[in-house]
1. Give the label of the value calculated from the structure for Rg/Rh (Cα atoms, Kirkwood Rh), choosing from (i) 1.56; (ii) 0.95; (iii) 1.08.
2. Hey, got the dipole for the chain? About the Cα centre, +1 on K and R Cβ, -1 on D and E Cβ, debye to the nearest 20?
3. Which value, in Å² and to the nearest 10, is the accessible area of Tyr140 when all protein chains are kept and the probe is 1.4 Å?
4. Contact order normalised by length for the chain, with contacts defined as Cα pairs under 8 Å and 6 or more residues apart; what percent is it?
5. Taking the Cα-to-Cβ direction at Asp172 and at Leu29 and moving 7 Å from each Cα, how far apart do the two end points lie in nm?
6. Kindly write out, for the range 151-164 in residue order, the coupling ³J(HN,Hα) from the Karplus curve 6.51 cos²θ - 1.76 cosθ + 1.60 (θ = phi - 60°), rounded to whole Hz, with x marking Gly and Pro.
7. Label Ile106 and Lys68 with points 7 Å out from Cα along Cα→Cβ: what is the distance between them in nm?
8. Cα-Cα over 20 Å: which of Lys63/Lys98; Lys67/Lys109; Lys68/Lys123; Lys41/Lys127; Lys68/Lys98?
Amino acid sequence: MSRNRDENESRYERILLRIQNLRLPLLTLDRKWHLLFNGEKPKTIQGIEKDLNETLKNQARIKEEKKKLNHLKHQLMQQIVGNMNAPEESTKFRVMEKSRDLIEEINDKLILLENDELDIPIKLREKNAELAFETMELFYDGIAEDLEEITELEQWIKATREELKQRIRLYDEKVRKTKNITSYFDNLLGPDITHMYVNYINGVEDDEDED
């Protein structure tokens, strides 16, 4: 049992890795993905979806924080440039020194944000792949019986199609044979006689000709 479980986990990891290497759209932003569930998602799917959305929000938050910090840094740089010639004992000089300290703090924060930002694409790809795998597993489990029936129907259709071809060939042969024979005797004896004979062999009474 342990060996089978390990093998299944290994296959799971291989499939998941293959999915991670694909250029997938983010499923939580994909309308077709949402339509699969008809408004009802299992808790497992909801959990992964939440994690993926949180990562997206975190990405947006980091970008916004970087934007604000860079804007503030630009303002502080302008203050420094504007106060570069101020005497050391002046208020402007102290403001310039304070601006330099703030810029160092901003640079430290930017480094941390950029490090966090580097991890986000990996997290998005991993969570998106996990969501794709779990979605596939959910729906393929649901259609397992349908897939089996489809296979049986395909086999039946194939056999029926072959039988139909054979019957069509047989039909064509009999029509051709009958047409050749009836045409020959119609020409040899005349349609009246062949018609009488057909009625005779079918047990149908002929209409008597009036004098």
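1. Looking at Rg/Rh (Cα atoms, Kirkwood Rh) for this model, the match is (i).
2. 2320 debye
3. For Tyr140, solvent-accessible area is about 130 Å².
4. 24 percent
5. 5.7 nm
6. 4, 5, 5, 4, 5, 5, 4, 4, 5, 5, 5, 5, 5, 4
7. 1.4 nm
8. Check vs 20 Å cut-off fails for Lys63/Lys98; Lys68/Lys123.
The values are calculated or read from the model by the stated rules, or taken from the named source; none is laboratory data. Just so you know, these numbers come straight off a predicted model, no measurement behind them. Don't worry about glycine lacking a Cβ; one is built from the backbone with ideal geometry, like all the others, and counts go over all protein chains shown. Calculation scope for accessible area: heavy atoms of the full protein, side chains included, ligands and nucleic acids excluded. Shrake-Rupley method; radii C 1.70, N 1.55, O 1.52, S 1.80 Å.
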